[in-house]
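To start, the structure under review is shown below, and the notes come after it.
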Amino acid sequence: MNDISPLSHRNSEPEEGVLYIVGTPIGNLNDLSSRAINILENVNLIACEDTRQTKKIMSKFKIKNTLISFNKFNSLKKIPKIVENLKKGGSIALVSDAGMPNICDPGEELVKEARTNNIQTVCIPGPCAAIVALVASGFPASKFVFEGFLPKKKSDREKILNEISSNQKTTILYESPHRINRLLEELKEFCGGSREIQIARELTKKFEEIIGPDIDSVINLFKSREIIGEFTIILKGRVKPANEKFNKIQVKKDLQELIDAGLSLSAASKYLAKKLNLSKNIIYDLY
Ligand code: SAM
């Protein structure tokens, strides 16, 4: 660390022609850093996902500044104007509704366009639900895969679920409360109900909790309670069993026979997985 003068750094004014990418709290407003407050107070303009959300933070910290909305619906129209403003020497802060912009939130295209136009970009870091949940999960955290929200299209979704099930690294997923049960059922189908999982709910908020230890237990628990709040899913990587030996040629033959008899690859793999007590993706991969 070269610069160890946090106070002077904290109070430094935003520079001209810089795009500041500012992390904001994911629940607990006290997580807004003093550096972030300073930047939000002193830039020329704040580009935010939803002005109503950002106003809540501004009012808590008594920040007065000009807001413009910048979201997935208007970003194409707004990017050239913001870049023009930066080129003329304006300083602009980019914030999303919660957490780090760009992480499953708007901003990526703006930052890319700024970089293409040789505009300096500075990130003022803040919490990111994925990282907070990962660190609290107790699962290996130095190597991980972040998948964000799974795609909606069935074939794309199954492809990623398949990859996740065989991956030996920790996987991080985002999901909304009304779709989490479906996702858990899918994870069970692809990874088996005994796969270790930690669901981080309402991180940094009053009713924060981390729920585990495996997919089956969480599915059972969620049957008995209302599912509300925000969820980040941390799935432990696949542990390769020491005795993972099976007759691949025979299984492949059985799989082909089931498919020839009219079953889909997915259904045939599922059937054999259950019969042989293997994970579905191992059989799927043989095909
Ligand atoms: N940019 C944000 C970040 O840095 O974490 C993520 C935005 S994404 C649109 C919203 C998703 O993040 C939610 O659906 C949920 O999966 C996760 N999330 C956000 N806040 C959370 C919280 N307080 N606790 C658990 N998960 C959260």
Handout entry: Computed [θ] at 222 nm, helices only, for the chain once each DSSP H run of length n ≥ 4 contributes -39500 (n - 2.57)
Key = -12500 deg cm²/dmol
Handout entry: In degrees, nearest ten, helix 265-276 long axis to first principal axis of the chain (Cα)
Key = 60 degrees
Practice task
Mind checking the full-extension length gain between residue 146 and residue 260? Use 0.36 nm per residue of separation minus the Cα-Cα distance, one decimal, nm.
Solution key: 37.3 nm
Exercise for the section: Using only Cα atoms, find the angle between the long axis of helix 75-87 and the longest principal axis of the chain, and express it within 0 to 90 degrees, rounded to the nearest 10. Expected result: 40 degrees
Handout entry: Cα gyration tensor, region 1-131 - rounded (a/c under 1.5), prolate or oblate
Key = rounded
Handout entry: Viscosity 0.692 mPa s, temperature 37 °C, Stokes-Einstein D of region 79-196 from Kirkwood C-alpha radius, µm²/s
Key = 195 µm²/s
Practice task
Report, by chain and number, residues whose modeled amide H sits under 5 Å from the one on residue 124, excluding near sequence neighbours (fewer than 5 apart, same chain).
Solution key: 21, 22, 23
Exercise for the section: For the chain, find the longest principal axis of its Cα atoms and tell me its angle to the long axis of helix 180-191, 0 to 90°, nearest 10. Expected result: 50 degrees
Completion exercise
Here the net charge surrounding residue 56, from other residues whose Cβ is less than 15 Å away from its Cβ (Lys, Arg +1; Asp, Glu -1), is +2
Fill in the blank from the handout: Comparing 68, 39, 21 in a Gaussian network model of the chain (Cα, 10 Å), the one with the largest mean-square fluctuation is 68
Practice task
Provide the per-residue ³J(HN,Hα) series for region 23-39, in order, calculated from phi with Karplus coefficients 6.51, -1.76, 1.60 and θ = phi - 60°, each as a whole number of Hz, with x at glycine and proline positions.
Solution key: x, 10, x, 9, x, 8, 4, 5, 7, 6, 6, 5, 5, 4, 4, 4, 5
Problem - For region 123-135, 3J(HN,Hα) per residue [Karplus equation, 6.51 cos²θ - 1.76 cosθ + 1.60, θ = phi - 60°, Hz, x = Gly/Pro] - result: 9, 9, x, x, x, 10, 3, 4, 6, 4, 5, 4, 5
Problem - Estimated Rh, the chain: Kirkwood, alpha-carbon pairs, angstrom - result: 21.6 Å
Exercise for the section: Provide the per-residue ³J(HN,Hα) series for region 155-164, in order, calculated from phi with Karplus coefficients 6.51, -1.76, 1.60 and θ = phi - 60°, each as a whole number of Hz, with x at glycine and proline positions. Expected result: 5, 5, 5, 5, 5, 6, 4, 5, 4, 4
Completion exercise
Expected max-MSF residue from 170, 24, 232 in the GNM of the chain (alpha carbon, under 10 Å) is 170
Practice task
Can you check what the net charge comes to around residue 105, using other residues whose Cβ is under 10 Å from the Cβ of residue 105 (Lys, Arg +1; Asp, Glu -1)?
Solution key: -2
Exercise for the section: Springs between alpha-carbon atoms under 10 Å, Gaussian network over the chain: tell me which of 139, 231, 246 tops the mean-square fluctuations. Expected result: 246
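Values quoted throughout were computed directly from the atomic coordinates according to the rules given, and no laboratory measurement underlies them. Values in this document were obtained by computation on a predicted structure and should not be read as measured data. Using ideal geometry, Cβ is built from the backbone for each residue, glycine included, and neighbour counts are taken over all protein chains shown.
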